Amino acid sequence: CGIFIQLTFLLFILPFLIIHIGCQQEHSVSPPNTSYETVTFDTKDQVTLSGRVFGPVEGNPVILLTHSNTESQDSWNPFVDLLAEQGHTVMTFNSRGTPPSEGQQIENQFDIDIHGALSWLQSRGVRGLVIIGSGEGATAAIKFTSIQSVIGVIALSPQMNLGELSMSSILSEIDNPVLFIVSEEDESARKAASDMFHAPHKGVWAISIFRGEANGTELVNPNLNEDVPEHVIQYLEDFFQ
């Protein structure tokens, strides 16, 4: 069983501590059970990316899932099914350099891929965007929100650097809600999340630390644990209120 600690800063209010109990176990990733539309879209630098859309876009907020440089959109499959059961519309895609998406895997351009996904969603009449990212995909989502307003970001196991870009140079420009989620034993991601969380910023940010060593999309895989996915679902409800 595990414990996570959530620290929340609300502007100048002192942080408070919440402790929850949970368990983790290993399980393999399976294909999504939820039906989807396969889509392709071009980024502003003319890279064609491949994605999937689960549910109706027009008039709805969409949860965009962005993977790390060692994952693909398939890594989200178990969590996609959970989100679909909750009635959410979801979009996943393979970032540049992850087949069948084209291009080279250049991490500091992952935010351009997110912009391309948003442009496609806007062409379909999306009403607001939440981004849940894993690893470099989480860091790219945070970078993206330095120039684009979104409903909120949930960053799983983020990294402090995105390629050659250090996030410390742009954090003060971000005015969007961000929830960082990391494992206690994932020292790199835990330090990155802590450093970003404590850096000057404009938005209302929170950090949740779970016991264990799960990383990235493993954190929200309901086949591995229940606490983190439930935690994320609760935050999504707050975002959409």
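Of all residues in the stretch 160-210 being of a type in the set (D, E, K, R) and in a loop (DSSP other than H, G, I, E, B), which is modelled with the lowest pLDDT?
Among them, the one singled out is Lys202.
Just name the residue that is nearest to His67 (Cα to Cα) out of those in the stretch 194-232 that are among the aliphatic types (A, V, I, L, M) and open to solvent by 20 Å² or more (accessible area, probe 1.4 Å). First the steps, then the outcome.
Just the residues of the stretch 194-232 that are among the aliphatic types (A, V, I, L, M), to begin with: 196, 199, 204, 206-207, 209, 214, 219-220, 224, 228, 232.
Then drop every residue that is not open to solvent by 20 Å² or more (accessible area, probe 1.4 Å), which leaves 199, 204, 209, 224.
Details: Ala199: 24, Val204: 24, Ile209: 20, Leu224: 18 Å.
Here the residue is Leu224.
Can you say whether Ile142 is open to solvent by less than 10 Å² (accessible area, probe 1.4 Å), within 15 Å of Ser208 (Cα to Cα) and not in a loop (DSSP other than H, G, I, E, B), as far as the supplied structure shows?
So Ile142 fails the test.
Give the residue that is most open to solvent (accessible area, probe 1.4 Å), with candidates limited to residues of the stretch 45-68 that are in contact with a Gly (Cβ under 7 Å, 6 or more places away or on another chain) and part of a loop (DSSP other than H, G, I, E, B).
That would be Glu58.
For Gly152, state whether it is touching a residue at least 60 places away in the same chain (Cβ under 8 Å) and under 16 Å from Tyr235 (Cβ atoms).
yes
Please specify each residue of the stretch 156-172 satisfying the condition of being closer than 26 Å to Trp76 by Cβ and touching a residue at least 40 places away in the same chain (Cβ under 8 Å).
Residues satisfying the conditions are Leu156, Ser157, Leu162, Gly163, Leu165.
Could you check how many residues of the stretch 162-193 are among the aliphatic types (A, V, I, L, M), under 15 Å from Gly135 (Cα atoms) and open to solvent by less than 30 Å² (accessible area, probe 1.4 Å)?
So the count comes out to 9.
The values are calculated or read from the model by the stated rules, or taken from the named source; none is laboratory data. If you're wondering where the values come from, they're calculated on a predicted model, not measured in any experiment. Methodologically, a virtual Cβ is constructed for each residue, glycine included, from the backbone with ideal geometry; neighbour enumeration extends over all protein chains shown. Keep in mind that these areas ignore ligands, DNA and RNA; they rest on the heavy atoms of the full protein, side chains included. Shrake-Rupley method; radii C 1.70, N 1.55, O 1.52, S 1.80 Å.
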